[in-house]
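Only one structure is covered here, and it is reproduced in the block below.
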Amino acid sequence: MRRFDRALLADLNVFVTIIRRHSMRQAAIELGVTTSAVSHRMRKLEAALGVKLLNRTSRSLTPTEAGAILAARLEVGLKAVDDALSAVAHHREAPAGRLRLNALRDAAKLLIAPVLPDYVRRFPEMQLDVSVDDHLVDIVAEGFDAGIRYGDRVPQDMIGVALSTPLQWVVVGSPELIAREGRPGTPQDLLERPCIEMRVGDNSRYAWELGNGASLMRVDVRGPLCANETAHALDAALGGVGFAYCPVSRIGGELAQGRLEIVLADWASEGPPFTIYYPSRRQVPPGLHELIGAIRESQGLPRLATGGKR
């Protein structure tokens, strides 16, 4: 049996990260080191093992045959290590470590931000690493512990836990826009008025869904702007550029101040809740379990005893 020290184990983890990210630069970002440090660790590992593990060109990075075999076996071994550490972590008095999340901008603002002060106070040994991104990503390939998306966007092979009640989507406009263009009385009226188009995480345009059940209508609006995030769309709506479509929970302040008004209120649509998801094969880290509980509690939902699909 070959003996190895901790430095070799760390180098093997660097190698697996490179294979998963298909890039030394991306691996370096995930590991929090420089690209040159990652390259140095790989040269050191190849020298220690006496075999070439990566084929590197200016345009691509692929494992050699030996590298592919090593990576496949390491994934199994490192998963066992991760599971063992997660099991031990459940016996700690308080969660500790780093938790990497990928979240929609609206989820970061509406769900994470309100609970963050109390969370970091209660768990000072936890570090949240939150990537705010409305584009769909493979959280496993990108090295995230969990992601937050709308419930209908959660991959089927993931465990999903609702973080909110179903979202209410509404059409809004500024008083200036309504005075200038007129208040729409039916969904079809939106086709004759300037609207802020939506582009979702897979870069496709999204038709606004109005109403529920048998009365649901999809309206393919048009306008002078297409936005891929709510904040941008709402800034434009506040400026009178066009009508916008958003969750009502996102505009509480603007409605209270009279800066935006809901139009077509009878056509508000109920959509899937914000949902956090993670790989089914992994134990839920204590820090993630506590974060899920804190968010659900803040949204008026019960804490879960275990992380199940809800």
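When Ile276 is tested against (1) under 18 Å from the mean Cα position of the chain (by Cα); (2) in a loop (DSSP other than H, G, I, E, B), exactly one condition is not met: (2). Anything in segment 217-250 that is part of a loop (DSSP other than H, G, I, E, B), open to solvent by less than 30 Å² (accessible area, probe 1.4 Å) and more than 16 Å from Leu264 (Cα to Cα)? List them, or say none. If the condition is that a residue be part of a loop (DSSP other than H, G, I, E, B), open to solvent by less than 30 Å² (accessible area, probe 1.4 Å) and more than 16 Å from Leu264 (Cα to Cα), then Gly240 is the only one that fits. Screening the candidates Gly160, Gly143 for the property of being among the small types (Gly, Ala, Ser) and either within 24 Å of Pro247 (Cα to Cα) or part of a strand (DSSP E or B) (or both) yields one hit, Gly160. Being touching a Gly at 6+ places or on another chain (Cβ under 6 Å), open to solvent by less than 60 Å² (accessible area, probe 1.4 Å) and not in a strand (DSSP E or B) is the filter here; which residues of segment 171-216 pass it? Correct list: Ser174, Leu177, Pro194. Leu101 passes every criterion in (1) under 13 Å from the mean Cα position of the chain (by Cα); (2) open to solvent by 20 Å² or more (accessible area, probe 1.4 Å); (3) closer than 22 Å to Ile19 by Cα apart from (2). Of the set (1) at pLDDT below 95; (2) farther than 22 Å from Gln127 by Cα; (3) of a type outside the set (A, V, I, L, M, F, W, C), all apply to Gly307 but (2). Of Thr230, Thr165, Thr186, all but one fail to be over 28 Å from the mean Cα position of the chain (by Cα) and of a type in the set (Ser, Thr, Tyr); the exception is Thr186. Asp157 meets the stated requirement of being of a type in the set (D, E, K, R), surrounded by fewer than 17 Cβ atoms within 10 Å (Cβ to Cβ), touching a Ser or Thr at 6+ places or on another chain (Cβ under 7 Å) and at pLDDT below 95.
The values are calculated or read from the model by the stated rules, or taken from the named source; none is laboratory data. As the structure is a prediction and not an experimental result, all values here were calculated from the model. Glycine also receives a Cβ, built like all others from the backbone with ideal geometry; neighbour counts cover every protein chain displayed. The accessibility values were calculated without ligands, DNA or RNA, using every heavy atom of the protein model including side chains. Shrake-Rupley method; radii C 1.70, N 1.55, O 1.52, S 1.80 Å.
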